[in-house]
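What follows draws every value from the coordinates through simple rules; no lab data is involved. Predicted model only: the values in this text are computed from it and were never measured. Positions of Cβ are backbone-derived with ideal geometry, glycine not excepted, and every protein chain shown enters the neighbour counts.
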Amino acid sequence: MIIEVDDRENSVLNGELEKLGFECVVKRLKVGDYVYKGVCIERKTIDDFCGSIIDGRLEKQVERMKNEFEKNFVLISGAIKDRSSEIKENCILGMMVGLMMKSGVYVGQVDNNKQMAFMIKRICERFDEECSTNVKGGEKNV
């Protein structure tokens, strides 16, 4: 499986992805941190997620993702309780729900890079499964 990885991303996570069978193609991405076919994944640490809520960056990133890709994910690494931001827990949870309900973006949360790599792998595998079950008459209907 070949996945494009933004060159500003965590190289440790790339190593975890490679252990799971990915070939990581590192380059500067215009949108997202990981791109696999029609899937865009924005990876955030819990502190980065909080910061992007506060400065409004998250909503802009999500809008760009939705304009470019058919499936979009925001994956958060780290527990809410471990944030260094003063932002309230309910605000964080509310933003997660808002992204899913209002924007149609899938949101997941993991503890570490190993879990993040596994989550990315399963997302990509499920996308491939969905594509293969939607092939009719030689055309993809994803």
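Odds and ends about this structure:
- Cα gyration tensor category, rounded, prolate or oblate, for segment 20-118 with a/c compared to 1.5: oblate
- Helix 57-68 vs. the chain, principal-axis angle (Cα, 0 to 90°, nearest 10): 10 degrees
- Put in line by how crowded their Cβ is, counting other Cβ atoms within 10 Å and starting with the fewest, F127, F73 read F127, F73.
- Percent of beta bridges antiparallel (DSSP, the chain, rounded to nearest 5): 30 percent
- The long axis of helix 113-133 is offset from the longest Cα principal axis of the chain by roughly 40 degrees.
- Each Lys and Arg contributes +1 and each Asp and Glu -1, all at the Cβ; summed about the Cα centre of segment 39-142, the dipole is approximately 80 debye.
- Restriction of the trypsin sites (Lys or Arg not before Pro) in segment 1-105 to DSSP coil positions whose beta-carbon has at most 15 other beta-carbons within 10 angstrom yields R8, R28, K30, K88.
- Checking the Cα-Cα distances for K66/K102; K19/K121; K37/K71; K44/K71; K30/K114 against a 20 Å cut-off, the pairs over it are K30/K114.
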